[in-house]
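What follows is a short report on a single structure.
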Amino acid sequence: MRNRTNSFSREPFEDDLGDNLGIVMPILTECEVDEDFADGIEKVGNTIPILPLRNMVLFPGVAMPVVVGRPKSMRLINDAIKKKNLVGVICQKEMNTEDPQIDDLYSVGVVADVMRVLEMPDGTTTVILQGKKRFELNELRESDSYLRGKISILEDEIPKKSDREFEALISTIKDLTIKMLSAAVNDLPRDLLFSIKNNKNVLYLINFSCGNIPISSAEKQDLLLLNNLRERAFRLLFILNREYQLVELKNAIQMKTHEDINQQQKEYFLQQQIKTIQEELGGNINELEIRELKVKAAKKKWAEPVAEVFDKEIRKLERLHPQSPDFSMQTQYVQTIVNLPWNEYSKDNFNLGHAQRVLDKGHYGLEKVKERIIEHLAVLKLKGDMKSPILCLYGPPGVGKTSLGKSVAEALNRKYVRISLGGLHDEAEIRGHRRTYIGALCGRIIQNIMKAGTSNPVFILDEIDKVTNDFKGDPASALLEVLDPEQNSAFHDNYLDIDYDLSRVLFIATANNLNTISQPLLDRMELIEVSGYIMEEKIQIASRHLIPKQLEAHGLPKGMVKIRKKTLEDIIVSYTRESGVRELDKKIARLMRKLARKLASDEPIPTDITSEHLHDYLGAIEYTRETYQGNEYAGVVIGLAWTAVGGEILFVESSLSKGKGSKLTLTGNLGDVMKESAMLALEYIHSHATLFGIADEMFENWNVHIHVPEGAIPKDGPSAGITMVTSLVSSFTQRKVKGNTAMTGEITLRGKVLPVGGIKEKILAAKRAGIKELILCKENRKDINEINAEYLKGLTFHYVEDIREVVDKALLKEKVSGPLF
């Protein structure tokens, strides 16, 4: 047997140090095919010197180095070298035991030969031991020099050579051993691999693998206990498979970690290159951006708390890596803080005359709104500083509520911003998102303040009555803070997370229907009604604004076409039915398109558009209005009605027919209130019949039928009360109704006349229908005084307090031709 220690070496196990279970370079010994490593074993008697090792298990045929440290162990080795004796090597159960007894040692060990003793440069002594035969320790005696034990030699049961299964088992163990060594030891020598593959000694191969796999001493000891080599091989194969899987897993983890480190190193290297290039070009982009933010911040007029927040956030930004996902979010937040106009205000133009001219230039009428703006400007001029009002303009569509905001901004010399609240259902649109969410933004209030660039713009909240709510919150509730002058000086946006002063912003909300706005929100706003335009106002708007705008929009020279006032009136009456002027604008645009087509085709066009041209340009008449139809019939009285598209005259007809006298028929698609007015009128006449010269038997022998024409149109309201009384009195007395007379007013059971609304629109409707005299409640006189005197020319007003006055003024003493009785 020859020992090859010159080619391979391993870190020696130390008998008085801790375990070293890692795979190191093994010592490979050459042996014959059938060698059982028993040479010299005959010299061993029943007693042999015992060398206890702390952390190693030696197997027969296997050579391993051991660092000897204990004095007893050193004496034993020296004695064995001198006498050329074999020694018994056995592993301790606990490595920390300094002076082991028999119970501290495993029961099975290996007889070993001391092949070489090496004095190392660090002063330690290394002994190379080679295992011979296994033995069982029966008794342990301690002498002055070292331990001695009584042993019994154990024989290994080796399978027959013809066992094919055992051959396959050995081959598998070879392959796994090579894989284990290759995975655990870098650059494993090729001749070591060659020696393992070509070694035919199965006992040595099994023991070599057992001694060199990285498992605990206890598990190696279990392998050493097995007498049957087949069992030891199967057990070894199980352990090899288990450990190889563990080694592969470790290598995979190390490789992944190594790749991650390589990627990080690559990214770091590229970042350093980019940084160097940027510095050569004038500086790092991110650093330049941060520097710009600091320069902007130094010019801001913000309060100390805002400055502290900015300094904190900019320091946080400087600490973040540019590749971090938080970097862009933090940059956006800091930019938001810097871009807001903290305490920056545009200078108001306090010239009241200029403001009035700008408002009149942009909008005709709307006197209440203009007056409120001028009042605000006047107080601001005197006081120098005040909270802006929260105005809410409500009225039908198309009357100029939204466009008025631009004129107000121009009149005050302020910035103009607008947001549409129609269909808004997310509270975050008003208050912003919290910064914990990806893609978070500040609310639309703060966004538009940032866009305006000043903290006192004219801010239009369009369609505030169309705000909705769902599971995301109620935006209308969020608007309570925005539109409360006592709270909006410290408006809190969830994204900005800093209180912002909105008290100098002039908020103007617009709405069509106040019923859909919550009461708390209504209480915070100053309501200004913007009613529909009357005929005269629409004509003025068309002449001053719509016609010049459409001429320019269609490429027609200014002044090329003239549209007469009568023509505009016919367009308004016959082709539109609205409170505002949107439909009128469309009709004028349609007319201009027809003219533009003719002009482009070199056809002659009229320079003066008259009513006769309307059929050619706008088509057939779309709407017709009621006009006065005379007073030949009893029971036909003209009332006045208000609609969303203006005032209308309303015919109330009543007739009598022979019957039992207890039947009242109402037709004309009347609402509940209007039906109640009819019943009230009949009951009043019945109870005061003598006042009107009506015999009691009339109510017993005649049925009453009241009808309001245009049955397809729903009608309701109390304002037709006096009209119905007058109509019924006329039918019961067959007296004529005074010509060209109309009326409106509510009645009570006592016969009192109550005021009604929509007087302006009703009066203008009566004037258009050719009515000359109007009967109104005395309390409606105040409404007449607010109407421009120009619109009242040709009208006579009769103010009444009692229904008897109405009958006296509305009915003639003369009866109609062909009376019923």
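The values are calculated or read from the model by the stated rules, or taken from the named source; none is laboratory data. Note that the structure is predicted; figures quoted are calculated from it, not measured. Cβ atoms come from the backbone with ideal geometry, glycine included; neighbour counts cover every protein chain shown. Quick note on the areas: whole protein, heavy atoms, side chains included, nothing else; ligands and nucleic acids left out. Shrake-Rupley method; radii C 1.70, N 1.55, O 1.52, S 1.80 Å.
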*Unmet criterion (only one of (1) out of contact with any Asp or Glu (no Cβ under 7 Å at 6 or more places or on another chain); (2) within 29 Å of N740 (Cα to Cα)) for V636*: (1)
_Just checking, does segment 752-772 include any residue being open to solvent by less than 30 Å² (accessible area, probe 1.4 Å), closer than 20 Å to F692 by Cβ and either touching a residue at least 12 places away in the same chain (Cβ under 8 Å) or not basic (K, R) (or both)?_
yes
*Hits in segment 416-432 (condition: surrounded by fewer than 20 Cβ atoms within 10 Å (Cβ to Cβ) and charged (D, E, K, R))*: R418, D426
_For S182: the one exception among (1) closer than 30 Å to E248 by Cα; (2) open to solvent by 30 Å² or more (accessible area, probe 1.4 Å); (3) modelled with pLDDT of 85 or more_ = (3)
*For segment 464-483, how many residues are surrounded by fewer than 19 Cβ atoms within 10 Å (Cβ to Cβ) and either in a loop (DSSP other than H, G, I, E, B) or under 20 Å from the mean Cα position of the chain (by Cα) (or both)?*
8
*Out of the residues in segment 549-592 that are of a type in the set (K, R), under 24 Å from G400 (Cβ atoms) and assigned to a helix (DSSP H, G or I), state the one that is most open to solvent (accessible area, probe 1.4 Å).*
R582
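Okay, residues lined up against (1) in contact with a Phe, Trp or Tyr (Cβ under 8 Å, 6 or more places away or on another chain); (2) surrounded by 17 or more Cβ atoms within 10 Å (Cβ to Cβ):
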{"residue": "E139", "(1), (2)": "no, no"}
{"residue": "P189", "(1), (2)": "yes, no"}
{"residue": "K200", "(1), (2)": "no, no"}
{"residue": "I213", "(1), (2)": "no, yes"}
{"residue": "A218", "(1), (2)": "no, no"}
*Could you check how many residues of segment 146-166 are open to solvent by 80 Å² or more (accessible area, probe 1.4 Å) and of a type in the set (D, E)?*
3
_I'd like to check something: does segment 739-746 contain any residue that is over 30 Å from K368 (Cβ atoms), small (G, A, S) and either in contact with a helix residue (DSSP H, G or I) (Cβ under 6 Å, 6 or more places away or on another chain) or free of Cβ contacts under 8 Å to residues at least 60 places away in the same chain (or both)?_
no
*asked:* So if I check each of V66, V44, V33, which one is under 12 Å from L129 (Cβ atoms), touching a residue at least 40 places away in the same chain (Cβ under 8 Å) and over 60 Å from the mean Cα position of the chain (by Cα)?
replied: V66
*asked:* Being part of a loop (DSSP other than H, G, I, E, B), at pLDDT 85 or above and under 17 Å from R116 (Cα atoms) is true for just one of L58, L76, L51. Which residue is that?
replied: L58
*asked:* Can you tell me which residue is nearest to T336 (Cα to Cα) among those in segment 484-495 that are open to solvent by 10 Å² or more (accessible area, probe 1.4 Å) and either part of a helix (DSSP H, G or I) or touching a helix residue (DSSP H, G or I) at 6+ places or on another chain (Cβ under 7 Å) (or both)?
replied: N494
*asked:* Just to verify a result, which residue in segment 496-524, among those that are assigned to a loop (DSSP other than H, G, I, E, B) and farther than 30 Å from W342 by Cα, is least open to solvent (accessible area, probe 1.4 Å)?
replied: I517
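This table checks each residue for (1) within 22 Å of T516 (Cα to Cα); (2) buried (at least 17 other Cβ atoms within 10 Å of the Cβ).
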| position | (1), (2) |
| --- | --- |
| A355 | no, yes |
| G365 | no, yes |
| G400 | yes, yes |
| R434 | no, no |
| G443 | no, yes |
*Looking at (1) modelled with pLDDT of 85 or more; (2) of a type in the set (S, T, N, Q); (3) farther than 22 Å from M95 by Cβ; (4) surrounded by 14 or more Cβ atoms within 10 Å (Cβ to Cβ), which is the one condition that is false for T177?*
(1)
*Residue list for segment 367-393, restricted to those being open to solvent by 60 Å² or more (accessible area, probe 1.4 Å) and in contact with a strand residue (DSSP E or B) (Cβ under 6 Å, 6 or more places away or on another chain)*: K368
*Flag if S143 is surrounded by fewer than 20 Cβ atoms within 10 Å (Cβ to Cβ), hydroxyl-bearing (S, T, Y) and closer than 30 Å to N198 by Cα*: no
*Does L412 qualify as being among the hydrophobic types (A, V, I, L, M, F, W, C) and either farther than 25 Å from W342 by Cβ or under 15 Å from the mean Cα position of the chain (by Cα) (or both)?*
no
_Residue satisfying all of: in segment 593-628; of a type in the set (S, T, Y) and exposed (fewer than 12 other Cβ atoms within 10 Å of the Cβ); modelled with the lowest pLDDT among these_ = T627
